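A.B. asks: Starting off with a structure, shown below.
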Amino acid sequence: MGKKKMLLGVTGTIGAINLPQFIYTLRDEYDIDVILTENAQRFLSPRAIRPFVQGVYENVFSDCSSKILHVELVNEIDRFLILPISAATLSKIANGAANDLLSLSVLNYSEAIYIAPNMNNEMWNNPAVQKNVKIIKEFGHIFVNTTSLGIKASSGEIVQTEAGLPDPDELLKLLSEKGTVLSKS
């Protein structure tokens, strides 16, 4: 049996710098196409991951062919993962907004999407963010965040957050056990 297919969306949070580590683990099981939002590209260059994945897409017009990317990329995938996801993208998903390749792809995908938020606790526990999380869970999407220590980007202080990224090996295991949720919120 061949590898499964994954679409991996990456948004603009500091956790995007960890993407190569996740790709290294995930590529043993998946052929991966990556969508990098404009803000994700502030943390990670498409050239840094292009050799390790099937394709890297930066916007709706990344492919010069006549393909409709936000439709084609979600066809025949086994998993759709957004890692890391920002509060802004959570809001887009919760409200059905679509103004970039990733959010358009979300609207064109009818299965569960695995979502790995990455933000500080103040932001994660904000009532607006939690409202969006609740709505997204009602859509049937699966949150895979963990409680972990991280460095607060604004101060360099080590803090605990409930919106930490899972360990890559733990994530790989979770993706093979559809329906399991790491998030306690």
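A.B. asks: Which one, N39, P127, S154, is farthest towards the positive end of the dipole of the chain when Lys and Arg carry +1 and Asp and Glu -1 on their Cβ?
C.D. replies: P127
A.B. asks: Could I ask something else about it? Using modelled backbone amide H atoms (1.01 Å from N, in-plane), which distant-in-sequence or interchain residues come within less than 5 Å of A97's amide H?
C.D. replies: Counting only residues 5 or more places away or on other chains, the set is empty.
A.B. asks: Here is the link list: K67/K173; K92/K137; K4/K92. Which ones come out longer than 23 Å on Cα distance? Display every interim value, and only then the final one.
C.D. replies: Numbers: K67/K173 33 Å; K92/K137 14 Å; K4/K92 27 Å.
Exceeds cut-off: K67/K173; K4/K92.
A.B. asks: Whole-Hz Karplus ³J(HN,Hα) for segment 67-76, in order, using 6.51 cos²θ - 1.76 cosθ + 1.60 and θ = phi - 60°, x for Gly and Pro?
C.D. replies: These are the phi-based 3J(HN,Hα) values: 5, 9, 4, 5, 9, 5, 5, 8, 5, 6 Hz.
A.B. asks: Quick one: which residues, 5 or more positions from G9 or on another chain, have an amide H under 5 Å from its amide H? H modelled 1.01 Å from N in the peptide plane, none for Pro or chain starts.
C.D. replies: Those qualifying (amide H under 5 Å, at least 5 residues apart or on another chain) are I35, L81, I82, L83.
A.B. asks: Turning to a different aspect of this structure: For V56, list long-range residues whose amide hydrogen, built 1.01 Å from N in the peptide plane, is under 5 Å from its own amide hydrogen.
C.D. replies: V34
A.B. asks: Still on this structure, please answer the following. With the Cα gyration tensor of segment 90-185 giving a ≥ b ≥ c as the square roots of its eigenvalues, does the rule (a/c under 1.5 for rounded; else a/b larger than b/c for prolate; else oblate) give rounded, prolate or oblate? Spell out each step's value before the answer.
C.D. replies: Numbers: a/c = 1.88, a/b = 1.28, b/c = 1.47.
Taking the square roots of the gyration eigenvalues as a ≥ b ≥ c, segment 90-185 is oblate.
A.B. asks: Hey, fewest Cβ within 10 Å first, where do K152, K92 land in order? List each step's numbers first, then the result.
C.D. replies: On the way: K152 14, K92 20.
With the sparsest Cβ surroundings first, the list reads K152, K92.
A.B. asks: OK, next. Over 28 Å, how big is the tail of the calculated P(r) for segment 4-176, in percent of all Cα pairs?
C.D. replies: Working: 2334 of 14878 pairs.
So the portion of pairs separated by more than 28 Å is 16 percent.
A.B. asks: Arranged by the count of other C-beta atoms within 10 angstrom, fewest first, what order do R47, R79, R27, R42 take?
C.D. replies: Numbers: R47 8, R79 20, R27 15, R42 11.
Placing the least packed residue first, the sequence is R47, R42, R27, R79.
A.B. asks: Among the GluC sites (Glu not before Pro) in segment 8-83, which ones are in a DSSP loop with at most 10 other Cβ atoms within 10 Å of the Cβ? Mind listing them? Walk me through the intermediate numbers first.
C.D. replies: Numbers: sites: E29, E38, E58, E72, E76; in loops: E29, E38, E58, E76.
Listed in order of number, the matching sites are E76.
Computed from the coordinates by the stated procedures, all read-outs in this text should not be read as laboratory data. All of these numbers come straight from a predicted model, not from anything done at the bench. Cβ coordinates were reconstructed from backbone atoms using ideal geometry, including for glycine residues, and neighbour counts include every protein chain displayed.
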